[in-house]
Structures are given as C-alpha cells and as structure tokens.
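Heads up: the structure comes next, in structure tokens.
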Amino acid sequence: MRREAAVMMAVRGSVVRWVIGDIINTHYLTNRFTLQTQQRCGFRKVAKKVEPKKGVAEEIEANEILQKKDVAPPPDLPTPHPHPPTRSFGRLVKPFVFTIGFTGCSFGGAAIWQYESLKSRVQSYFDDVKADWLEKIRPQKQGDLRKQVNQWWNSLSEGQKTVTGIIAANALVFCCWRVPSLQRTMLKYFTSNPASKALCWPMLLSTFSHYSLFHMAANMYVLWSFSSSIINMMGKEQFLALYLSAGVISTFVSYMSKTAMGRLGPSLGASGAIMTVLAAVCTKMPEAKLAIIFLPMYTFTAGNALKAIVALDATGLILGWRFFDHAAHLGGALFGIWYILYGHELIWKNREPLVKLWHDFRTRGPGAGGNGSI
C-alpha cells in the first residue's frame, strides 16, 4: 500500500506533462518539439535575396531572431531550403554505431562504478562516523547557510540526489540557450537533426536541452516524482546507464522516423529518456494505482496508463502529428518495456565478466599491492 501510494502521488504530476503541459508548451519548443525555422517569419526583404550557398546560415540567423522575440516557429509550414536535404538512410550508419557503442559503454561504466562504490563503502562508513564526531565537537553556528544546505541534501532520498545532478545539467543547458553568442553552437550540438553535419553527440546532448522553461520544468518534475521508485528498483548506477542510453536510443528512433517520412528538422528535450523511466516503472509495477494530479478521485492502473501512452504516441506517429516527436516518445517507452522484461537479464545480470576483468586490473595494476588494496 505504501509503494502504491507513493507511485500514485508521483504520477499525479506526470499526467500534466502528457495532457496539459504539451498543449501549453506548443508556443515554444515543446516535448521534443520539432523546430521548423521559417525565414519568412524573421525576414521580409532579405528572404527574397537568399543565395543557394547561404541557405544554412540564413536559416540559423532566422531561428536566432525568432528566439530573441520569444516567438515559436510555426510547425505546419515547410522549411524553405535552397537545396533540400536528401533522405538518405546511409547517414544513419554512424548514429547506429554510436548508439550501440554508447549503450555498451554506459552499462559497462555503470558496472565498474558499482564495483568501486561497493569497494569503498567501508571506508565511507568510517568517514561518516568521523564527520559525525567532528560535527558534535565543532561549535554550532546559528543561521549557517551551508549547514542548512547539508541538512536539505541529507534529507533527500538516494534517487532524488541522483536526479538532482540531472536537473542541474538541464538547468545549465537552459541558461546557455539564453546566451546570444552560443545560439549557433546550441542549435548544432544540442538539437538532434538527421540532416545536420553533427549527428552523433547531439543524440546525447539534446537529451539535456530545453528551450522553454515550462517544458524543462514539466519534464524534470516527472523525473523527480519517479526518481525514488526507479532507483530503488535498479540502483543509481544502473539507472544512470539506462537513462543516458534511453536518450540516445530514443533519438535514433526519431532519426529513422524523420528520414523515412522526409520531415527532417531539429528536436530537443528529455522526453524520450523520461518515457523510458515511466515505462520501466509501469512495467515493473503494472497493478500500482495511479491518479491525475487535478482529478485524484479517478484512479487507474499503471499498466493501463502505459498502454494508453503507447497507443497515443503510435497514433501520432502513424497520422503524422508534428507537434511532438512521437517517434522519440514511442522509442523510449518501448526501450523501457524491453529492458524490464529482457534487457535486465541480458545486460545487467551478465556484467560479472567485465567486473572480474576490472578487479584483476585494479589488483594487478601499478601501486595496487599484492593483496588487491587500492
């Protein structure tokens, strides 16, 4: 009952993003909203003098002017390209290799991180005891801001502490979007676009990128709400590997969808990775009771909620809805379902050989000592 109540309270905030938040957010770059930079919205006379070689530069400049005016580019009009980008699936080979390699490195790094955490747990315990002892004999200060921050930090759960770092990274990227001199860099590396020259790293960086404050706040609130449940299930190391991999995988699914449909354009947002988190929790606890934040009297099971979300994004993808990146949502949700049903057994439970290799490297490395001490 306690777990069901906790999940119900968490999902009350998540539905705002799915039902209400996405509608309000269409004024900006919403839930992985596809940017359609329109030159005629930012230019009038200049648009008639566009030269073929300056098409990309003009497009970027137009996007910057729109952002300065806080006007969202209209999603329904085609982007005027002097030379429209070609729909080539051959361009997706590098992103595919990057997706496989990054996912493997994420889970491998998480396994090593968990090994190091377990090895240092005893030392950390003695350090905590020493810190508590020093805190007792140290004169207490009234109104000490640092002490208040430490008390707040210690009051957080392990999941909330982990997600705090993700929220901080998203907030930093959000501030960078407001720096005029960084606009071109942000558009190139912090939005994912299969027609861009930079294909691989934006798949990860765009997961931490939000242009709208409401968009970022809604996504981070959902992630914060589910952080305790998902990290209690997996541990912080496995969770971070899943979250980062989900961002890259969902972006690759978006690449494939855009290339197949010929709707090439940049997207951004953490929605694909967050959909993986939601799908994982709902798959693991399908009978948990959930509720809408403004309608707590109406409850439904997590399994039914997941089915509705997948059906909605599948419908949007088939019908070609362009307000949101439904392909990224659907890819993230399916990856979360697959990981809980099969991926955990295939990937995480088979990490022992890698951990053993790392253990042998640490114990036999220079300065490790014959007894395996660090």
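The values are calculated or read from the model by the stated rules, or taken from the named source; none is laboratory data. Just so it is clear, the structure is predicted and the values come from calculations on it, not from any experiment. Glycine also receives a Cβ, built like all others from the backbone with ideal geometry; neighbour counts cover every protein chain displayed. Heavy atoms of the whole protein, side chains included, go into the accessibility calculation; ligands, DNA and RNA do not. Shrake-Rupley method; radii C 1.70, N 1.55, O 1.52, S 1.80 Å.
Taking the stretch 254-267 on its own, how many of its residues are in a helix (DSSP H, G or I) and crowded, with 22+ Cβ neighbours inside 10 Å?
The total comes to 3.
Consider the stretch 347-374. How many of its residues are in contact with a helix residue (DSSP H, G or I) (Cβ under 9 Å, 6 or more places away or on another chain) and modelled with pLDDT of 90 or more?
Restricting attention to the stretch 347-374, the residues satisfying the condition of being in contact with a helix residue (DSSP H, G or I) (Cβ under 9 Å, 6 or more places away or on another chain) are 347-348, 351-352, 354-355, 358-359, 362, 368-374.
If we keep only those that are modelled with pLDDT of 90 or more too, we end up with 347-348, 351-352, 354-355, 358.
The number of residues fulfilling the criteria is 7.
Regarding the stretch 292-303, can at least one residue be identified that is surrounded by 14 or more Cβ atoms within 10 Å (Cβ to Cβ) and either within 26 Å of LEU92 (Cβ to Cβ) or modelled with pLDDT of 90 or more (or both)?
Checked against the condition, which is being surrounded by 14 or more Cβ atoms within 10 Å (Cβ to Cβ) and either within 26 Å of LEU92 (Cβ to Cβ) or modelled with pLDDT of 90 or more (or both), the stretch 292-303 yields no hits at all.
Based on this model, can you work out whether GLY272 counts as out of contact with any strand residue (DSSP E or B) (no Cβ under 7 Å at 6 or more places or on another chain) and open to solvent by less than 10 Å² (accessible area, probe 1.4 Å)?
On the way: out of contact with any strand residue (DSSP E or B) (no Cβ under 7 Å at 6 or more places or on another chain): yes; open to solvent by less than 10 Å² (accessible area, probe 1.4 Å): yes.
Spelling it out, GLY272 is indeed out of contact with any strand residue (DSSP E or B) (no Cβ under 7 Å at 6 or more places or on another chain) and open to solvent by less than 10 Å² (accessible area, probe 1.4 Å).
Could you list, in sequence order, all residues of the stretch 309-333 that are open to solvent by less than 20 Å² (accessible area, probe 1.4 Å) and in a loop (DSSP other than H, G, I, E, B)?
Of everything in the stretch 309-333, those that are open to solvent by less than 20 Å² (accessible area, probe 1.4 Å) and in a loop (DSSP other than H, G, I, E, B) turn out to be GLY320, ASP325.
As an exercise: evaluate TRP201 against (1) crowded, with 17+ Cβ neighbours inside 10 Å; (2) hydrophobic (A, V, I, L, M, F, W, C); (3) under 28 Å from ILE347 (Cα atoms) and give the number of the one condition it does not meet.
Only one criterion in (1) crowded, with 17+ Cβ neighbours inside 10 Å; (2) hydrophobic (A, V, I, L, M, F, W, C); (3) under 28 Å from ILE347 (Cα atoms) is unmet by TRP201, namely (1).
When ARG184 is evaluated against the numbered criteria (1) crowded, with 17+ Cβ neighbours inside 10 Å; (2) in contact with a helix residue (DSSP H, G or I) (Cβ under 7 Å, 6 or more places away or on another chain); (3) in contact (Cβ under 8 Å) with a residue 60 or more places away in the chain, which criterion, by number, is the only one it fails?
(1)
Using beta carbons and a limit of 8 Å, which pairs, at least six apart or on different chains, have the first residue in the stretch 92-107 and closer than 18 Å to MET234 by Cβ and the second one small (Gly, Ala, Ser) and surrounded by 14 or more Cβ atoms within 10 Å (Cβ to Cβ)?
THR103/SER245; SER106/ALA241; SER106/SER245; PHE107/ALA241; PHE107/SER245
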